[in-house]
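Heads up: the structure comes next, in structure tokens.
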Amino acid sequence: MTRPPSAAQRRVIDAADPVTGRLRGTEAQLAALVKRGLAFRHPRPPHDHFLTPEGHRVRQGITRAPEPAGEAPAATGVFAARAGGEADPPRSGPARRREVHSAWQGLLELRRMTNRDGAVDRPCGWERTHLVQAAALALEAAGHQPAGPDDGGYRVRETPQPEAVAVHEPDGEALRACAATLEGAGWQVSEHREPRTRSRYLLASPRRA
């Protein structure tokens, strides 16, 4: 499990602009957050630092009220969307849904801040370098069921193709629903068949325009 942010990193995250996620801190603090995937450095001058979707999730976790009695507390490490098939998946329930919703809203804000025209209907640079995480977040945020260790549901996997992930889902109707969600989230999607098993799967790539 990823260790939680240090006290100094928590202070920097908690002090981020609540709307844009812009950060203020020393170069060492900001570099450490970038290394952990909680922040990114904007490619255009003045090269400010902003929270990633995981950083937004951690910030909400720092500032929100305690979970209601009887509900497991959310993890304090870096958020990871369900790609499907995890051996030890996070516990489902209201806390998880809040985490996923917060991460998705953070991603939309990241799109607004980093796409040149401020568009939120197509993926941003962070998503192109975190393909599996980005596609999985779009699916989980839309309520699709990720696969468990041994049961059905979607699975998002890397592919040899540049800027493309594969989405597997044994149920044909659920697979088509995944395609619709990804298209609505700004991905180009096509359906294919495995050469050996003939099972259907999706290839999804972030749309550029």
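The values are calculated or read from the model by the stated rules, or taken from the named source; none is laboratory data. The structure presented is a predicted model; accordingly, all values stated were derived computationally and were not measured. As a convention, Cβ positions derive from the backbone with ideal geometry for all residues, glycine included, and neighbour counts pool all protein chains shown. Heads up: the accessible areas ignore ligands, DNA and RNA and are worked out on the full protein's heavy atoms, side chains in. Shrake-Rupley method; radii C 1.70, N 1.55, O 1.52, S 1.80 Å.
Taking every DSSP helix (H) stretch of at least 4 residues in the chain, weighting each as -39,500 (n - 2.57) and dividing the sum by the residue count yields a mean residue ellipticity at 222 nm of -11500 deg cm²/dmol. Measuring r between the beta carbons of ARG41 and ASP88 and using R0 = 30 Å, the FRET efficiency lands at 0.40. Matching the structure-derived mean projected area of the Cα convex hull in nm² against the labelled list (1) 13.3; (2) 13.9; (3) 12.6 gives the label (3). If you take the Cα centroid of segment 83-99 and the Cα centroid of segment 153-193, the two points sit 20 Å apart.
What residues of segment 22-40 lie in the reach of a label at ARG3, counting those whose backbone N is under 17 Å from a point 7 Å from the Cα along Cα→Cβ? Those under the cut-off are 29-38. Using θ = phi - 60° in the Karplus curve 6.51 cos²θ - 1.76 cosθ + 1.60, the 3J(HN,Hα) couplings for segment 161-167 round to 6, x, 6, 8, 10, 9, 10 Hz; x is entered for Gly and Pro. Our summary gives the chain a relative contact order of 15 percent, counting only alpha carbon pairs under 8 angstrom and 6 or more residues apart. For segment 1-41, list residues with backbone N below 20 Å from a point placed 7 Å from the Cα of GLU158 toward its Cβ? Correct set: 1-2, 35-38.
Could you give the longest part of the chain that holds none of the GluC sites (Glu not before Pro) found in DSSP loops with at most 14 neighbouring Cβ atoms within 10 Å?
On the way: sites that count: GLU71, GLU86.
In the chain, the maximal stretch lacking such sites is 87-209.
At a probe radius of 1.4 angstrom, the accessible area of the chain per residue rounds to 54 square angstrom.
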